[in-house]
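The values are calculated or read from the model by the stated rules, or taken from the named source; none is laboratory data. This is a predicted model, so every value here is computed, not measured. Please note: Cβ atoms are built from the backbone with ideal geometry, for glycine as well, and neighbour counts cover all protein chains shown. Please note that ligands, DNA and RNA were not included when accessible areas were found on the heavy atoms of the full protein model with its side chains. Shrake-Rupley method; radii C 1.70, N 1.55, O 1.52, S 1.80 Å.
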Amino acid sequence: MSKYAIEVNHVSMLFHLNKERVDNAKEYVIRFLTRKLSYTEFWALKDVSFKVEKGDRVGIMGFNGAGKSTLLKTIAGVLKPTMGDVKVRGVIAPLLELGAGFDMNYSGAENIYLYGATMGYSKSFIKEKYDEIVEFSELGEFINAPMKSYSSGMKTRLGFSIATAVKPDVLILDEVLSVGDAAFKDKSEQRIMDMMADGVTVLYVSHSTDRVRKLCNKALILTKGQVVAFGESDEICDMYTEMVNSK
Amino acid sequence: MAKKVGFKSHTGNFMKYRYLLGELVSKNIKLQYRNSVLGVFWTFLQPLLTMIVLAFVFSNLFGRNSAEVVNYPVYLLSGRLLHQFFVQSTKKAMKSIRSNTSIIKKVYVPKYIYPLSGILSNFVTFLISLLVLVGVMVFYNVIGKNPVAVSWQIIFAVVPVIVLFFLSLGVGMILATLDVFFKDVENLYDIFTLLLFYLTPIVYTIDRLGFAEGSWQAMILKLNPMYGIIDMFRAAIIHSTEFMTYFSVNDLIYCSAFALICCAIGFLAFYKKQDKFILHI
């Protein structure tokens, strides 16, 4: 087994930006005939390479539009890179958009199974974790109510509880992730801290150098789709602060 | 993500996500009738009521019972159920990628799970709705008016049903791929299914239209694979006592080949284009 949990090798991601979205045949034919089927090419990621060792906690920093989300999506396997490849060893838990697999007509209980299945868990595994998920989400008797009657806080609480029920090898976190009220926030942070203490590999997207210094041992700066710096978090955070000030 | 993905990892991936497939199929079925008073009974009522309407409208035109038709309501229903399954399952599959955009954009899921679950859930409701056909046949046999004689050869009805499943799967995969790039497909397909309803002998028989067996018009109608599938199904359901005289091996070969070619095109197109889906939805 390799000592690396994540290997990103020369990943480039090309998007075609149409001025207008062509999604119907008429538009397509007209544009094709008049040769206006033009688009601007946009490289969201350019030759990105880095390796993350098992147990490393990497802060990913960069301005808006630097390619942070695109990078995380290629690592999560949602986007396939135009060039290069990504290797991830072990179970990956992306805590990015909690509850993307929920069906509003289903009850919370039914959604636990559906969402778990979407994350690729087996039925027996979800059954085993069911009580723990319900308890952690603090939904109580609402678990059997249809999800369309849930508040957004209830949905994210349930999403968080399901996504973290598994012991992942790689955890992808977004700073802007807000889970419920203050009390639940503390509880969820505690759970993430416990996972970190267990030696899980973490990718953490953040704008705050303070939090990156506190949580991460490594850091990476993305600018216009390229890795500008990758190294010890203190060093990189100093660089990032400088970049922000000089902007 | 290596470039060449072996067969082994494909089946491994399928095994990992087969529980998701089951969850999606049961979700589609459960939610279809949730909050409706009659619930699952609609699976029986819907085809039964349509049969009554169609029988009422077309009985004077095509309704005369003959050696081929035997019992017009049973004739109607046997064609209509198969056509309905084909239309509904392919429509569900067609829209499956777009309607699951939010998941596909955020979590890695093997995408073919969505059209496949659409076909499978409709297949389950179709199998349940076949009970209506049984009910109607029992009804006519009990009252003794235009009874449909039944023999053990009725089990051959399984053959056209299997062919129909693969035809729907293939067409569904093609439509799902197309729909991602051109949303027009949804509108076009609505018109197409209406045309298909009239091009398939559901309410009529080909000779009632005045086309002789072997005429060019009849030949063109028979190019439609639904013709052969429904014809085979009726041979087993309506003519089970003399199944072999009504069953056509040519139908079976033609329709199976058509279904398999559709599956090959559908899966190949889907597989080649699936990484681009996310950029278009």
request  = Please specify each residue of region B:96-127 satisfying the condition of being more than 17 Å from B:F267 (Cβ to Cβ) and either among the small types (G, A, S) or away from chain A (no Cβ under 14 Å) (or both).
outcome  = B:S99, B:S102, B:S121, B:N122, B:F123, B:V124, B:T125, B:F126, B:L127
inquiry  = Under 9 Å between Cβ atoms, which residue pairs at least 6 apart in sequence (or on different chains) link something in region B:182-197 that is within 10 Å of chain A (Cβ to nearest Cβ) with a partner that is among the small types (G, A, S) and surrounded by 14 or more Cβ atoms within 10 Å (Cβ to Cβ)?
reply    = B:F182/A:A25; B:K183/A:A25; B:D184/A:A25; B:V185/A:A25; B:L188/A:A25
message = If I filter region A:123-143 for residues that are under 18 Å from B:S26 (Cβ atoms), touching a Phe, Trp or Tyr at 6+ places or on another chain (Cβ under 6 Å) and either within 14 Å of chain B (Cβ to nearest Cβ) or not in a helix (DSSP H, G or I) (or both), do I get at least one hit?
response = yes
ask   = B:V134: open to solvent by 40 Å² or more (accessible area, probe 1.4 Å), closer than 14 Å to B:S78 by Cα and assigned to a helix (DSSP H, G or I), yes or no?
value = yes
request  = Starting from residues that are more than 9 Å from chain A (Cβ to nearest Cβ) and polar (S, T, N, Q), keep the ones in region B:16-50 and report whichever is farthest from B:F123 (Cα to Cα).
outcome  = B:S36
remark   = Exactly one of A:L203, A:L222, A:L215 is open to solvent by less than 40 Å² (accessible area, probe 1.4 Å) and under 18 Å from A:I92 (Cβ atoms), and that residue is A:L203
request  = Within region A:53-64, track down each residue that is open to solvent by 10 Å² or more (accessible area, probe 1.4 Å) and within 12 Å of A:L173 (Cα to Cα).
outcome  = A:R57
ask   = Of all residues in region A:99-119, which are facing chain B (nearest Cβ under 7 Å), under 17 Å from the mean Cα position of the chain (by Cα) and under 13 Å from B:G22 (Cβ atoms)?
value = A:T118
query = Of the residues A:G55, A:G159, A:G101, which single one is touching a residue at least 60 places away in the same chain (Cβ under 8 Å) and over 21 Å from A:F184 (Cα atoms)?
reply = A:G55
ask   = Do we have B:K222 as in a helix (DSSP H, G or I), within 14 Å of chain A (Cβ to nearest Cβ) and of a type outside the set (F, W, Y) here?
value = no
request  = For A:D174, work out the one condition from (1) within 28 Å of A:G62 (Cα to Cα); (2) of a type outside the set (S, T, Y); (3) open to solvent by 10 Å² or more (accessible area, probe 1.4 Å); (4) more than 12 Å from every other protein chain (Cβ to nearest Cβ) it doesn't fulfil.
outcome  = (4)
ask   = Do we find a residue being away from chain A (no Cβ under 14 Å), within 25 Å of B:M173 (Cβ to Cβ) and assigned to a helix (DSSP H, G or I) anywhere in region B:237-249?
value = no
ask   = Can you spot a residue in region B:204-222 that is under 19 Å from the mean Cα position of the chain (by Cα), basic (K, R) and either within 22 Å of B:L54 (Cβ to Cβ) or open to solvent by 20 Å² or more (accessible area, probe 1.4 Å) (or both)?
value = yes
key: Residue check, A:A117 in contact with an Asp or Glu (Cβ under 8 Å, 6 or more places away or on another chain), surrounded by 15 or more Cβ atoms within 10 Å (Cβ to Cβ) and among the aliphatic types (A, V, I, L, M)   = yes
request  = Mind counting the residues in region B:47-56 that are open to solvent by 50 Å² or more (accessible area, probe 1.4 Å) and free of Cβ contacts under 8 Å to residues at least 24 places away in the same chain?
outcome  = 4
note = For region A:65-87 the number of residues that are at pLDDT 85 or above, open to solvent by 50 Å² or more (accessible area, probe 1.4 Å) and not in a helix (DSSP H, G or I) is 4
request  = Please find, within region A:72-98, the residue that is nearest to A:H16 (Cα to Cα) out of those that are charged (D, E, K, R), touching a residue at least 24 places away in the same chain (Cβ under 8 Å) and within 9 Å of chain B (Cβ to nearest Cβ).
outcome  = A:D85
note = Given (1) touching a strand residue (DSSP E or B) at 6+ places or on another chain (Cβ under 9 Å); (2) farther than 30 Å from A:H207 by Cα; (3) buried (at least 19 other Cβ atoms within 10 Å of the Cβ); (4) within 11 Å of chain B (Cβ to nearest Cβ), A:M147 misses just (4)
